[in-house]
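Contents: one structure, followed by commentary.
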Ligand code: NAD
């Protein structure tokens, strides 16, 4: 995994710099290049990170221009405006889609064989735009999707049941945003459906109908942004997890944002869906057995994104 791995991060803000930090600690790359329209910001972050080099695996970390990103294995796009308190992710379209137009041609020119990992919001829409602008095969253009939201859901269920979050098996699917859905019908612990587990082992409630965790997952970014202005640590770890799956050719199932081609009855839109992630990017999408109401909600989420996309097409 460590033989000459180069990762470039476009956008050295909260998310970009936290991701560089997490990747550095994980020892996933031998070279990290940070690019930002604000050169001082990129240089300051790169210097701060580089000064910790003696504590991690050997790594070159620097700020640069697009030419310095040449031959990157993975390019992570975190540039653009972030949500302000009360703003939805879809409210950012107008500000962020034009930014992709200035970034993608440069990235493609210098790293034509890279995998592009889009994180900027609204992530599903921007991943679609990056896919179109790059001309890359769909496998090599991935959004961070609902990997973070799935982690939030598992964490909250783990807290509720007082069980290790890694023993909770579930997904948040759809838009990384207000129309995302919790896949309750396939949520399991110890080989049991969550509702059965709840009734048998939980003395706090009588089944999942009493849980409001899905709403808490949806509102958590709004709450964090209201309290501290931005979210970045958990997304940095989510990005690191996706990078690890790619570099390790893991064939891990992650809810990255992938281009649907008829799965779940949905076509030509990027959505967070369970996808097999390996060294070539997204190998394939897995169609999990959703309940009819979950499937309808997933289709609604896709429709909402298509409407937003057509407003800028
Ligand atoms: P930030 O404002 O701290 O950083 C954004 C950076 O992008 C700034 O440093 C800015 O100078 C830079 N930038 C702007 N235009 C650029 C351009 N044309 N080229 C290069 N750099 C440019 O914001 P943040 O908190 O780091 O968030 C970044 C993005 O990530 C936002 O869109 C935010 O909504 C998104 N985000 C996504 C997730 C997710 O789960 N997908 C989670 C958190 C944040």
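Quick notes on this structure:
- Value at 222 nm in deg cm²/dmol, rounded to 500, when DSSP H runs of n ≥ 4 in the chain each add -39,500 (n - 2.57): -13500 deg cm²/dmol
- FRET efficiency estimate (nearest 0.05) - Cβ-Cβ, residue 199 to residue 159, R0 22 angstrom: 0.75
- Taking 0.36 nm per residue of sequence separation and removing the Cα-Cα distance, the residue 87/residue 138 pair yields an extension gain of 15.4 nm.
- Förster radius 25 Å - calculated FRET efficiency between residue 250 and residue 287, Cβ distance, rounded to 0.05: 0.80
- Using R0 = 25 Å, the C-beta based FRET efficiency linking residue 215 and residue 312 works out to 0.30.
- Taking only the alpha carbons of the chain, we obtain Rg and Dmax values of 19.1, 59 Å in that order.
- Fully extending the segment from residue 206 to residue 267, taken as 0.36 nm per residue of separation minus the present Cα-Cα distance, adds 18.1 nm.
- Extended-chain gain in nm, criterion 0.36 nm per residue less alpha-carbon gap, residue 102 and residue 169: 20.2 nm
The numbers here are math on the coordinates, done by the rules we state, and not lab data. Bear in mind the structure is a predicted one, so any value in this text is a computation, not a measurement. Virtual Cβ from ideal backbone geometry, glycine too; neighbours counted across all protein chains shown.
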